[in-house]
1. Do you know which residues across region 254-289 are more than 23 Å from the chain's Cα centre (by Cα) and without any contact (Cβ under 8 Å) to a residue 60 or more places away in the chain?
2. Need the failing condition index for GLU191 against (1) surrounded by 21 or more Cβ atoms within 10 Å (Cβ to Cβ); (2) part of a loop (DSSP other than H, G, I, E, B), just the number.
3. Among the listed residues ALA207, ALA174, which satisfies the condition of being aliphatic (A, V, I, L, M), in contact with a Gly (Cβ under 7 Å, 6 or more places away or on another chain), in the same structural domain as VAL286 (by TED's automatic domain parsing) and modelled with pLDDT of 95 or more?
4. Check ALA28 against each of (1) in a helix (DSSP H, G or I); (2) at pLDDT 50 or above and name the one condition it does not meet.
5. Quickly run through region 337-355 and pick out the residues that are in contact with a Lys or Arg (Cβ under 7 Å, 6 or more places away or on another chain) and assigned to a helix (DSSP H, G or I).
6. In region 381-394, is there at least one residue being outside any helix (DSSP H, G or I), assigned by TED's automatic domain parsing to the domain that holds SER204, charged (D, E, K, R) and over 18 Å from THR298 (Cβ atoms)?
7. State whether one or more residues within region 292-302 are closer than 20 Å to GLY127 by Cα, among the hydrophobic types (A, V, I, L, M, F, W, C) and in contact (Cβ under 8 Å) with a residue 40 or more places away in the chain.
8. Which members of region 82-107 meet the condition of being assigned to a strand (DSSP E or B), hydrophobic (A, V, I, L, M, F, W, C) and closer than 24 Å to GLU373 by Cβ?
Amino acid sequence: MRRSIPLVAAALGAALTLTACSGGGDPAENEEPAPQETEAADDGGSLTIWVDETRQAAVEAAAADFEEESGTTVELVLKNYDDIRTDFLTQVPSGEGPDITVGAHDWLGELTTNGVVAPIELGDKAGEFADVAVEAFTYDGQVYGLPYAIENIAIIRNTALADSTPGTFDEMIAKGREAGTTYPFLVQVGETGDGYTLYPFQTSFGAPVFTQSEDGSYSSELALGGEGGTAFAQWLRAQGEAGVLSASMTYDIAVEAFKNGESPYILGGPWMLGTFEGMDLAIDPVPSAGGQPAQPFTGVQGFFINAQSDNQLLANDFLTTYMATEEAQIALYEAGDRTPALTAAADTVAADPIAAGFRAAAENAVPMPSIPEMGAVWSFWGTTEAGIISGAIEPAAGWEKMVADIQAAIDAA
């Protein structure tokens, strides 16, 4: 569940081993060795895969098929998702860690900088995924992950209180006020702010966090300053003064209020849906506040291959042959409500209007930057937004200082 930007903690997961089907005998007893390019041949082999509880069953099913058909032993190690990034970074350089791990695309800058992930060869499969999913796992021209899910925020609408979400933010607020509820619109801010959730409004003022090249890759050049950034900062303050945005509105308060029918609209993601079970909902794109398209971040989930693994070909084969199937990706969707990265699977689940709504809302989305410089943004970004909304920080000067502080942190890294 994404309530805000994930925090990395340190803890150990429990190990869970699948029953293996052993194929073939000792390679030394064979007259001819198995070809090197088919590590998944009858002589077996082994893979260790880190998964969290949400993905466990779906990966387990695919791994069982792989074991039966290849003679490979697959061990699944159950991990707390928040521990995976730190543990992977720590263990891989020491020769430990799994052959494959689940993870998020925005880890990529740190993982590649530390040399712990290997490129993956998608081959013809690349064209079977949503462009944004492959783009998200691409760094310096190479693909480093097998994508399986796309997540983004959208307007979640209570259809009993509003029959549509208008095309502009101001129109949505007016319609929300007409509903006569406690809040015209709900979005988490909190005392530390939430740059991730407010980002589509920021981009609608023409102030993306970094510049992007034609192929969609990010440069390290900040773009959230200038006239667009100032206009967005002034808008934040105006919404704070109007009571539409509030630094006291946390994730839990917002979700509970929407659940209780206190607003027709909430800005959030599929991780909220379990709380709203039983409500009649619709999913709409985020309306523009600044006149330009509102572009939420896309987060892409996938699988990474250990750069130090002796089983990279085997790992690549498992991912591209067994996890890049419609069956596996739909199973992962059913576990987490995230749009499948594989287009055929996304087409299938789009029969559900909720899934179709999040998919449509992603059409204007952009990948969350995975470049290392993004790490310098978070600590200044949200707190500045919260301060502007509450009135503690002057909009133009505060935003300009934030940009300068981020640039200084990037330069010092």
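The values are calculated or read from the model by the stated rules, or taken from the named source; none is laboratory data. Keep in mind it's a predicted model, so treat the numbers as computed, not measured. Note: ideal-geometry Cβ built from the backbone for every residue, glycine included; neighbour counts use all protein chains shown.
1. Matches in region 254-289: GLU256, LYS259, ASN260, GLY278.
2. Checking GLU191 against (1) surrounded by 21 or more Cβ atoms within 10 Å (Cβ to Cβ); (2) part of a loop (DSSP other than H, G, I, E, B), the one that fails is (1).
3. ALA207
4. Of (1) in a helix (DSSP H, G or I); (2) at pLDDT 50 or above, only one is false for ALA28: (2).
5. Of everything in region 337-355, just one residue is in contact with a Lys or Arg (Cβ under 7 Å, 6 or more places away or on another chain) and assigned to a helix (DSSP H, G or I), namely ALA346.
6. yes
7. yes
8. Selection gives ALA104 alone.
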